[in-house]
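What follows draws every value from the coordinates through simple rules; no lab data is involved. Computed from a predicted structure; not experimentally measured. Reconstructed Cβ throughout: ideal geometry from the backbone, glycine too, with neighbour counts over all protein chains shown.
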Amino acid sequence: MHLAYNSRQSESTVYRSLQAGRAFAAAMVVLFHLGLNLAKDKYLGLKILELPFSFGNAGVEFFFVLSGFIIMNAHRADIGRLDRLAPYIRRRVLRIYPIYWIIFLVVFSAALLTPSLYHSVPHNATTIIQSLLLFPLDKVLVGGTGAPVIIVAWTLQYQIFFYFIFAILIADLRCGIVSILAIFVLYMTGLINGTSNLPFPLSFLAQDYFLLFCMGMLIALMINKLKPIHFFYFQYFVLLGLTSRPCKTPATRMNTSFFVQIACTKSLKKR
């Protein structure tokens, strides 16, 4: 089985293996968090429940790689074309913000109406607006994941940042490449000196999540040059990726997503 790829395919093109991978990754993330919560003392208090799906958090990284792949696959022809910037921005905004705003407002309103949760959400107008726009926020100031109200929205903060960098690629190829290289240099600086020692927002930018997006872009560019792989090797790539996750080093985390993504993109296209 092999992937029939066409550079003119739009984002609506659906790959069977990617859909399966997306569903599997989502399930693993849910089970990962379920295990962590059930292991807490205020619930079941069984620490052993953390183990079965301890690798499930790799699903988050898979989504980042998948996003890079989809964006490059859908907008490769737009790179360096300033006239394509406005349609790109419109599509990205409509894809993320409307649903996020609805969920945000529901959760935020519920917290304000619940005495025990009233102080769990920000009351500063600036912080609320920044949260609505998915701007990166300093964890030291807002606590938690850096995304108040909806704590898992930190992933969307990186998603929006990636969309912004790709917008630069569309507006001007050279500026886009320079921006990516600058982030890579910052990431290497964080590895050497420690990300926690960098001031915000450099500490946000120096995480390896953006490199996962770039990995997906790279796969989209090289997919035509890879030979189709047998299903046996598909299983090998997935297994290798998942079993490497517990090491929890940045390089291993990226290898995890890289192996799984290659396996998925080289599988059968949905007909």
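The figures follow:
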| quantity | calculated |
| --- | --- |
| Inter-probe distance in nm under a simple model that places probes 7 Å from Cα toward Cβ, at Thr189 and Leu141 | 2.0 |
| Globularity index of region 48-197, i.e. its alpha-carbon radius of gyration over 2.2 N^0.38 Å | 1.22 |
| Farthest toward positive dipole pole in region 80-213 [+1 Lys/Arg, -1 Asp/Glu at C-beta], among Ala171, Leu112, Asn124 | Ala171 |
| Residue order, fewest to most beta carbons within 10 Å, for Cys175, Cys214 | Cys175, Cys214 |
| Gain upon complete extension [Ile129, Val178; 0.36 nm per residue less C-alpha separation] | 14.7 nm |
| Ascending count of other beta-carbon atoms within 10 Å, so fewest first, for Trp154, Trp101 | Trp101, Trp154 |
| Spread of Cα-to-Cα distances over 5 Å intervals beginning at zero, given as percent, for region 163-213 | 5, 23, 27, 22, 15, 7, 2 |
